[in-house]
Amino acid sequence: MTEIILAGEKLVLLPEKAVFWAATGILFISDLHLGKIMHFRKAGIALPNRAGMDNYVRLEELIQKVHPTRLIFLGDLFHSYMNQSWKWFCAFRQKHAQVEFDLVAGNHDILDQTAYREANIRLYEEGMVLDPFFLTHYPSEKDGYFNLCGHIHPGIRLKGKARQSLKLSCYWVRPNQMVLPAFGIFTGVSVVKPSVSEVLFAIANDEIVKIGQ
């Protein structure tokens, strides 16, 4: 894990692809895309069904590690239309009823609002202000606030000798914004090219490697 200061607040970047704000007990996660495996299976793509459970296992381990009091999803919690995976998520939600769940809506969060209410999840469709942060799915700006967001699934490509290369997920820290890596499995990575004023924190297994400045 790596501690950084953003907008005067100490945040912990976790190799599990999540950010913990220890002073408040809040855990930030972006782009889980739950149900994506089931979505592709319905389309006839033979991905193993057990792979759809991996996100829940990782999320459970993360909750046991940091013990958050509040979990805020920065968009794309569920990948598409309702399927069996939503029942798995609701069971997971009930198991952790002592933790507050909030969702800042993303472009894939298209379930009826009733589904979120019944799962005891607060839904924010236009972003959330949590001083000093402005929480969104898409990278955004709001005067006087530091933006925490997702959507891009940022990554970095590291190149070695003999045309060797390695693509890693990363945290992308910009002057007034941080883009979180995608938490979900099978979400893909979009290689970003930071400017000289930006920093990447690449995730290499259980380690975080700072790149830039």
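List of remarks:
- Top-ranked residue in the stretch 25-53 [being open to solvent by less than 70 Å² (accessible area, probe 1.4 Å), part of a loop (DSSP other than H, G, I, E, B) and more than 25 Å from residue 202 (Cα to Cα); ranked as modelled with the highest pLDDT]: 35
- Search result, residues across the stretch 139-162 that are surrounded by fewer than 17 Cβ atoms within 10 Å (Cβ to Cβ) and without any contact (Cβ under 8 Å) to a residue 40 or more places away in the chain: 140, 141, 142, 143, 144, 157, 159, 160, 161, 162
- Residue count for the stretch 71-90, restricted to those that are crowded, with 23+ Cβ neighbours inside 10 Å, in a loop (DSSP other than H, G, I, E, B) and at pLDDT below 85: 1
- Enumerated strands (runs of 3 or more DSSP E) restricted to the stretch 112-213, each holding at least 3 residues that are farther than 26 Å from residue 85 by Cα and in contact with a Leu (Cβ under 7 Å, 6 or more places away or on another chain): 154-159, 165-174, 199-204
- Selection of first residues in the stretch 85-114 that are among the aliphatic types (A, V, I, L, M) and of second residues that are at pLDDT below 85, restricted to Cβ pairs under 8 Å at least 6 apart or on distinct chains, gives the following pairs, ordered by first then second residue: 103/109; 110/80; 110/81; 111/78; 111/81; 111/82; 111/86.
- Against the conditions (1) modelled with pLDDT under 95; (2) more than 15 Å from residue 183 (Cβ to Cβ); (3) aromatic (Phe, Trp, Tyr), residue 56 satisfies every one except (2).
- Scan of the stretch 99-130 for residues that are in contact with a Lys or Arg (Cβ under 8 Å, 6 or more places away or on another chain), surrounded by 18 or more Cβ atoms within 10 Å (Cβ to Cβ) and β-branched (Val, Ile, Thr), ordered by number: 121
- Count - residues of the stretch 88-128 that are closer than 17 Å to residue 180 by Cα and of a type in the set (A, V, I, L, M, F, W, C): 4
- Taken over the stretch 180-203, residues that are in contact (Cβ under 8 Å) with a residue 60 or more places away in the chain, of a type in the set (A, V, I, L, M, F, W, C) and open to solvent by less than 50 Å² (accessible area, probe 1.4 Å) amount to 6.
- The stretch 1-19 residues that are in contact (Cβ under 8 Å) with a residue 24 or more places away in the chain and assigned to a strand (DSSP E or B), paired with ones that are among the polar types (S, T, N, Q) and open to solvent by 60 Å² or more (accessible area, probe 1.4 Å) (beta carbon under 8 Å, 6 or more apart): none
The values are calculated or read from the model by the stated rules, or taken from the named source; none is laboratory data. All values reported here derive from a predicted model rather than from experimental measurement. Counting neighbours? That spans all protein chains shown, and the Cβs are built from the backbone with ideal geometry, glycine included. Accessible surface areas use protein heavy atoms only, side chains included; no ligands, DNA or RNA. Shrake-Rupley method; radii C 1.70, N 1.55, O 1.52, S 1.80 Å.
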